[in-house]
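J.: Once you've had a glance at the structure underneath, I'll fire off some questions.
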Amino acid sequence: MLIDSHAHLEMAEFKNDLEEVIQRAKESGIEHIFTVGTEKKDWERAIEIADSHPGIYAILGVHPHNAKEIDAGTYPTLRELCRNEKVRAYGEIGLDFFRNHSLREVQIKGFREQIALARDLQLPIVVHDRDAHRETVDILKSEGADQWGGIIHCFSGDYRMAKECLDMGFYISIPGTITFNNASEFREIVKKIPLESLLVETDAPFLTPVPYRGKRNEPGFVRYTAEKIAELKKITFEKVAEITTENALRVFRLKPVA
Ligand SMILES: [Zn+2]
Ligand SMILES: [Zn+2]
């Protein structure tokens, strides 16, 4: 079995065929999917999907793109929603200095506040970092995030960043970009990260792996990422599936599937 540690099933891209997408994931051996509600309009939908499907769980938070929308009602609402036992992590939170949909200062403030909130809620954090590697690591350190940990999702940093995140006890989640032709540098980094610290994810509907690149991504495609990791590390697909599953169950504090 495999776990897709990060997808966005509540997004409009899945509006017309969500059940088929979930069914195909099951048929590909994807036992659990973690769906990430990144803004107010998506939180309840993420919970609704998780509540109505046994193997699906939710992750809630304010994405750095939406940091400018944080108001007095945001954190009380999230506090309430995160009490649902299907919510297994807090996120995705962090910094996106590539798109800059929110001002950098606003992103930083939201990131810091939500690290504290997640800690209060005793949920591991799911971190989004794009073109803000140094700042992301510095904030995680200064907020003491190493004390309860989480996941760096869609990892895109260099090996030095990976090492710093591992030293803080974070897991590193690998998306379908590992299969891209131009990802040779990324593949070298992943080779060096111990399997015991890796998760796999799709970030569906985005970042579709080869051989479906260009189409909409879906959780079932996470197997292409796992296959690539097996090839890089010269181990079996089954070993990658087994260990990344154990890692995911540990970070999300779930019992093994019987
Ligand atoms: Zn992200
Ligand atoms: Zn995401």
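J.: Taking the Cα centre of the chain as origin, sum charge times position over the Cβ atoms of Lys and Arg (+1) and Asp and Glu (-1), and report the length of that vector in debye to the nearest 20. Please report the intermediate quantities before stating the final value.
T.: On the way: 35 positive and 42 negative charges, 85 e Å.
Dipole of the chain, to the nearest 20 debye: 400 debye.
J.: Determine the relative contact order of the chain: mean sequence separation of Cα pairs under 8 Å and six or more apart, normalised by residue count, in whole percent. Walk me through the numbers on the way to the answer.
T.: On the way: 502 pairs, mean separation 50.5, N = 258.
Result for the chain is 20 percent.
J.: First measure r as the distance between the Cβ atoms of Lys239 and Lys163, then evaluate 1/(1 + (r/R0)^6) with R0 = 25 Å and state the FRET efficiency to the nearest 0.05. Don't skip to the answer; put the middle values down first.
T.: Numbers: r = 23 Å, r/R0 = 0.91.
It comes to 0.65.
J.: For every helix of n ≥ 4 consecutive DSSP H residues, a contribution of -39,500 (n - 2.57) applies; sum these over the chain, divide by its total residues, and give [θ] at 222 nm rounded to the nearest 500 deg cm²/dmol.
T.: Values: 9 runs with 103 residues, N = 258.
Only helices count here, giving -12000 deg cm²/dmol.
J.: When DSSP assigns beta bridges and you keep just the ones with both residues in the chain, what percent turn out antiparallel, to the nearest 5?
T.: On the way: 0 of 27 bridges.
Taking every DSSP beta bridge within the chain, about 0 percent pair in antiparallel fashion.
J.: Let me ask another. Over the chain, consider all pairs of different Cα atoms and compute the Kirkwood hydrodynamic radius from their mean reciprocal separation; express it in Å, one decimal. Walk me through the intermediate numbers first.
T.: On the way: mean 1/r = 0.0556 Å⁻¹.
Hydrodynamic radius (Kirkwood, Cα pairs) of the chain is 18.0 Å.
J.: Compute the Kirkwood hydrodynamic radius of the stretch 118-258, taking the inverse of the mean of 1/r over all pairs of distinct Cα atoms, and give it in Å to one decimal.
T.: Values: mean 1/r = 0.0647 Å⁻¹.
Taking the inverse mean of 1/r over all distinct Cα pairs, the stretch 118-258 comes out at 15.5 Å.
J.: Using a Cα distance threshold of under 16 Å, what count of lysine pairs results for the stretch 77-221 when pairs must be 8 or more residues apart or interchain? List each step's numbers first, then the result.
T.: Working: Lys109/Lys141; Lys141/Lys163; Lys163/Lys191; Lys163/Lys192.
Pairs that pass both the separation and distance tests number 4.
J.: Can you give me the Cα centroid spacing of the stretch 21-85 and the stretch 197-258 in angstrom?
T.: Going from one Cα centre to the other spans 19 Å.
J.: Determine, for each peptide in 229-236, 82-89, 63-70, the mean count of other beta carbons within 10 angstrom over its residues, then list the peptides with the highest first.
T.: Details: 229-236: 14.9, 82-89: 18.1, 63-70: 20.4.
Peptide ranking by packing, descending: 63-70, 82-89, 229-236.
J.: Using each residue's phi in the stretch 139-146, evaluate 6.51 cos²θ - 1.76 cosθ + 1.60 at θ = phi - 60° and report the 3J(HN,Hα) Karplus result to the nearest Hz, with x for Gly and Pro.
T.: 5, 4, 5, 5, 8, x, 5, 5
J.: Oh, and also: For labels at Lys215 and Asp131 in the simple 7 Å Cα→Cβ model, what's the distance in nm?
T.: 3.1
J.: Counting only chymotrypsin sites (Phe, Trp or Tyr not before Pro) that sit in a DSSP loop (anything but H, G, I, E, B) with at most 14 other Cβ atoms within 10 Å, what is the longest stretch of the chain containing none of them? List each step's numbers first, then the result.
T.: Details: sites that count: Phe98, Trp148.
It works out to 149-258.
J.: Still on this model: Residue separation times 0.36 nm, minus the C-alpha to C-alpha distance between Asn182 and Phe206: what's the value?
T.: Working: separation 24, 0.36 × 24 = 8.64 nm, distance 1.72 nm.
The span from Asn182 to Phe206 would gain 6.9 nm if fully extended.
J.: Can you list the HN-Hα couplings for the stretch 118-133, worked out from phi with the Karplus curve (6.51, -1.76, 1.60; θ = phi - 60°), rounded to whole Hz and with x for Gly and Pro?
T.: Ordered by residue, 3J(HN,Hα) equals 4, 5, 4, 7, 6, 10, x, 9, 10, 9, 9, 9, 10, 6, 8, 4 Hz.
J.: Comparing Arg45, Arg213, Arg134, which has the greatest mean-square fluctuation in the GNM of the chain with Cα pairs linked when under 10 Å apart?
T.: In the Gaussian network model the winner is Arg134.
J.: For Arg104, what is the net charge nearby, where nearby means another residue's Cβ is under 14 Å from its Cβ and Lys, Arg count +1, Asp, Glu -1? Numbers along the way, then the final one.
T.: Values: positive: Lys68, Arg99, Lys109, Arg112, Arg130, Arg134; negative: Asp96, Glu105, Asp129, Asp131, Glu135, Asp138.
Counting the neighbours of Arg104, the net charge comes to 0.
J.: Whole-Hz ³J(HN,Hα) for each residue in the stretch 206-213, computed from phi via Karplus 6.51 cos²θ - 1.76 cosθ + 1.60 with θ = phi - 60°, x for glycine and proline: what do you get?
T.: Values per residue, Gly and Pro as x: 9, 6, 4, x, 4, x, 9, 3 Hz.
J.: Here's a follow-up. What residue among Ala204, Ala241, Ala116 shows peak mean-square fluctuation when the chain is described by a Gaussian network model with Cα springs under 10 Å?
T.: Between Ala204, Ala241, Ala116, it is Ala116 that shows the largest mean-square fluctuation.
J.: How big, on average over all directions, is the shadow cast by the Cα convex hull of the stretch 38-91, in nm²?
T.: Details: hull surface 13.8 nm².
The Cα convex hull of the stretch 38-91, projected and averaged over all directions, gives 3.4 nm².
J.: Shifting gears a bit: Would you pull out the residues with amide H under 5 Å of Leu199's amide H, same chain only if 5 or more places away, H placed 1.01 Å from N?
T.: Ile172, Ser173, Ile174
A short reminder: the numbers here are calculations on the coordinates, not readings from a lab. Since the structure is predicted, the reported quantities are computational estimates derived from the model, not experimental observations. Because the Cβ atoms are built from the backbone with ideal geometry, glycine has one as well, and the counts that use them run over all protein chains shown.
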